[in-house]
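Nothing in this text is a laboratory measurement; each read-out follows from the coordinates by a stated rule. This one's a predicted model, so the numbers in the text were calculated from it and none came from an experiment. Positions of Cβ are backbone-derived with ideal geometry, glycine not excepted, and every protein chain shown enters the neighbour counts.
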Amino acid sequence: MPIIQAFWAIIRRDLLLAFRRRAEMANPLFFFVLVVTLFPLAVGAQPNLLRAMAPGVIWVSALLAALLSLDSLFRSDFDDGSLEQMLLSPHALSVLVLGKIIAHWLVTGLPLLLVAPLLAVFLGLPEQAMGTLWLTLILATPLLSLIGAIGVALTVGLRRGGMLLSLLVLPLYVPVLIFASGAVDRAASGLPVDAQLNILTAMLLSALVLVPLPTAAALKMSVN
Amino acid sequence: MENSQHATLQVSELSCFRDERLLFSALDFSVNAGQVLLLEGANGSGKTSLLRILCGFREADAGQIYWCGNKISESSYFQDMAYVGHADGTKKELTVLENLNFALALGAPGKYSIEQALDKVMLAGFDDNPVHTLSAGQKRRLSLARLLITHNLLWILDEPFTSLDRQGIKLIESLIAAHIEQGGMAVLTSHHDLSMADLNLQRIHLQACQ
Amino acid sequence: MSWIPAPVSRFFHRTSSPPHFYALADRFIPWLTVIFLLLLGAGLYGGLYLAPTDYQQGDSYRIIYIHVPAAWMSLFIYVMMAVMGGIALIWRMKLAEVMLISSAPIGAGFTFVALVTGSLWGKPMWGTWWVWDARLTSELILLFLYLGVISLYGAIEEKRAAARAVSILALVGVVNIPIIHYSVQWWNTLHQGPTVSKMDKPSIHVSMLVPLLLMAVAFKFYYLIAVLQAAKLELLKRETSSQWVKALLEKQA
Amino acid sequence: MSWESFLYMGGYALYVWPAYGVTALVLLGNLFWPVWQRRQLLRQLTIKQKRSQVR
């Protein structure tokens, strides 16, 4: 089917672009590590305190790293006219948008999984929580990309949309933050985390279905 | 495709405001297969706004656009049109071939293969060059190559002759003429007058009303 | 629109034309103001004077008569904004866009009131100005949602595009509000432990409940008046060069 | 009940009255700000219209 071909073509093109711009790709990753490093310096390096704060610190940093990387989702397409061409394509824009979001997550969200163990060691997170940390990252970072996409689509036409983007997106990130860091927190004290993981999965699935439509509508508004 | 002989773009009673200023109102025109419409007017007269309305990016404040007798949102309009604007929609980091392949994936295949199209816009042999190594004129020709490889009847071109030398202008003119000859149609804005005498040419002069 | 009966659709069509709406608003505002003042007077008299002192909280509980209705209004107005946003997106109704953006500052105002009064109520109850109580926390996030709507509308220069953007945002927000609410509640029970939220369900006596409901209805009427005033301004701003505004000016001069 | 004891609010006057005061301020502000703005706008528009008529 042509639409599926277009969907894969978008993902392939965006991954190729990310590979060609690989210097930029590492930035959110460094940012993530850097923010986590700041916390022990700011609050002191008592192991107990750090261990208690670890889930929250890691998740707040992941949120900020996701926020920082969001701008690249539609910015270059908007500037060079590719977005106009996507709008004119006979295929449903929401499907193309979903392809872009998935590619964006593969490039910016997935690498966070790689550095998470390092940060867990830095902050003294118990080993039993490691699996849950990974699981929440797998479930929740795509949510961050999906929810963020709506915000970027609304602000991509603005010259200085950065601050506005965080005002629009961060309140919507609250449930993700609560359930993800809550799950890691419970896992660290050896409690079951099924409920949180189930909720995150449900949120991810519904976001996959619900997000592309408003994002496409917002992009149409932004191209104007 | 089979009804390309009867394809018409019809605009009726179109009005557009920008920042409380009336750009044009009650604009009526139609373009038939085999015709070119040239939009003229000073900067800020609403040429680009009209083109963007024709592309469906902007909404008109009043009026309707019909494609083959139906409203554009209820017709095959977006399968039959193609647009090249100021921003050409190519990616600097990708090669010529990668860009064209992506364009093909977004639309339906057209009259020419990528190879033939590159030949026609005099970019043969540039397949694997990244776009950022091309000159401004070459980039413009590349964005027009996209029109050749995808299926379309109506070309909407915003200033297609900017940053082209005389030879480049001739090339584009001949591409437009060939497209028209094959039953296509085109709407374009240009500061440069078209020098094709035997073209079925319509002109609309837009003047910003006060 | 075919599934809406013709007279109804005609009524909406007519009232939604800007000059008609403007005149209609002018005619309704005095009546609404009278009803509002009556309800407000009765509610305040009942709440501040007639209602007995609470045996646990003393007279500090009387803040409930503005805190709770303001919190209700903050949610109600956001839902209204989403409804307007849906209408604006589906039927391209200008008036819905105007009502949506006129509602935002009023809703933000109520959210702010709910936060400040909650804090003023919390001080004597908890001993601090701020506690991360479930209702106050969701109210704070709701305030951010309102501020997002207001700043997004301000940031986009083309007002028609801005209205579309805000409609989309309001709809996205309204889907998220219940999720935010329940996540905050879950978080609150997890971290707060046994702190009983005294604001949530005071065992309420009828003489205390009636003024509360009166105030809630009074606030609804206030919203109607305020949104009509703001909508009149927004309509004028958008249509400065149209015929009906010119006629209006001539009539005034 | 005397006025004084009413205003005293059982010792909670410092919390109850500011709460009502802030509410009144915000609600009145939201009500009268657009009214005032509209007056300004209408005045400006009248001036503009007169100018264009003179011309």
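Tabulated data for the structure shown
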quantity	calculated
GNM flexibility winner over chain C from C:L75, C:L115, C:L37 (Cα, springs under 10 Å)	C:L37
Helix D:13-54 axis, angle to chain D major axis (alpha carbon atoms, nearest 10°)	10
Whole-Hz couplings from phi, Karplus 6.51/-1.76/1.60, listed for segment B:9-24; x for Gly and Pro	10, 10, 10, 10, 6, 7, 10, 8, 9, 9, 6, 6, 9, 6, 8, 7
Order of C:W72, C:W121, B:W67 under a 10 Å beta carbon neighbour criterion, fewest first	C:W72, B:W67, C:W121
Hull volume in cubic angstrom per residue (convex hull over the Cα atoms of segment B:126-210)	130
Full-extension gain in nm, A:E127 to A:T37, via 0.36 nm per residue minus C-alpha separation	30.5 nm
Computed E for C:W130/C:I29 - FRET, C-beta separation, R0 35 angstrom, nearest 0.05	0.40
Under the span-like rule (Cα at least 18 Å along the axis, Kyte-Doolittle mean at least -1.0), DSSP H helices of chain A	A:2-20, A:27-43, A:47-70, A:93-108, A:110-123, A:130-155, A:162-188, A:194-210
Packing-based ranking, highest mean first, of B:154-161, A:108-115, A:175-182 given that Cβ atoms within 10 Å are counted	A:175-182, B:154-161, A:108-115
Kirkwood Rh in Å, taken over all unlike Cα pairs in segment A:58-116	12.8
Proximal aspartates and glutamates relative to C:K94, as straight alpha-carbon distance under 15 Å, when same-chain residues fewer than 8 apart are discounted	B:E59, B:D61, C:E158, C:E234, C:E239
Ellipsoid equivalent to chain C - semi-axes via the Cα gyration tensor, in Å	37, 23, 15
Computed [θ] at 222 nm, helices only, for chain A once each DSSP H run of length n ≥ 4 contributes -39500 (n - 2.57)	-28000 deg cm²/dmol
Distance (nanometres) between label positions extended 7 Å along Cα→Cβ at B:Q167 and B:T8	4.2
Computed label-point distance, nm, for sites A:L15 and A:L113 using a 7 Å Cα→Cβ extension	1.3
Rough spin-label spacing in nm, given labels placed 7 Å along Cα→Cβ, for D:L14 and B:A42	6.9
Relative pair counts by distance (%), Cα atoms of segment D:3-54, 5 Å bins	4, 16, 12, 11, 10, 9, 8, 7, 6, 6, 4, 3, 2, 0
Segment B:5-72: Cα Rg divided by the 2.2 N^0.38 Å rule of thumb	1.10
Helix B:96-106 axis, angle to chain B major axis (alpha carbon atoms, nearest 10°)	50
Partner chain coverage, peptide A:200-212 - average Cβ within 10 angstrom	1
Peptide ranges C:175-184, A:137-146 listed from the most packed, as the mean C-beta count within 10 angstrom indicates	A:137-146, C:175-184
3J(HN,Hα) from dihedral phi, segment B:132-141, Karplus parametrisation 6.51/-1.76/1.60, rounded to Hz, x for glycine, proline	5, 8, 7, 7, 4, x, 5, 4, 4, 5
Residues with amide H under 5 Å from that of B:M185, placed H, sequence gap 5 or more	B:G34, B:L154, B:W155
Relative contact order [Cα under 8 Å, 6+ residues apart], segment A:2-223, whole percent	27
Estimated FRET transfer efficiency (C:Q252, C:R92; beta-carbon r; R0 22 Å; 0.05)	0.10
Equivalent ellipsoid, segment B:8-205 (semi-axes from 5 times Cα gyration tensor eigenvalues, Å)	28, 18, 17
log₁₀ of I(q)/I(0) at q = 0.13, 0.14, 0.21 Å⁻¹ - segment A:32-177, Debye sum with one point per alpha carbon	-0.63, -0.71, -1.26
Cα-based helix-to-principal-axis angle, C:134-155 vs chain C, degrees rounded to 10	20
Selected from A:L73, A:G190, A:A42, residue furthest toward positive end of dipole (segment A:2-223; charges at beta carbon)	A:L73
Average beta carbon contacts from partner chains per residue of C:245-253, 10 Å cutoff	3
Reciprocal mean inverse distance between Cα atoms of segment B:87-167 - Kirkwood radius, Å	12.7
D:V35-C:S151 FRET efficiency (beta carbon distance; Förster radius 35 Å; 0.05 resolution)	0.90
Over the protein assembly as shown: Kirkwood hydrodynamic radius from C-alpha pairwise inverse distances, Å	29.4
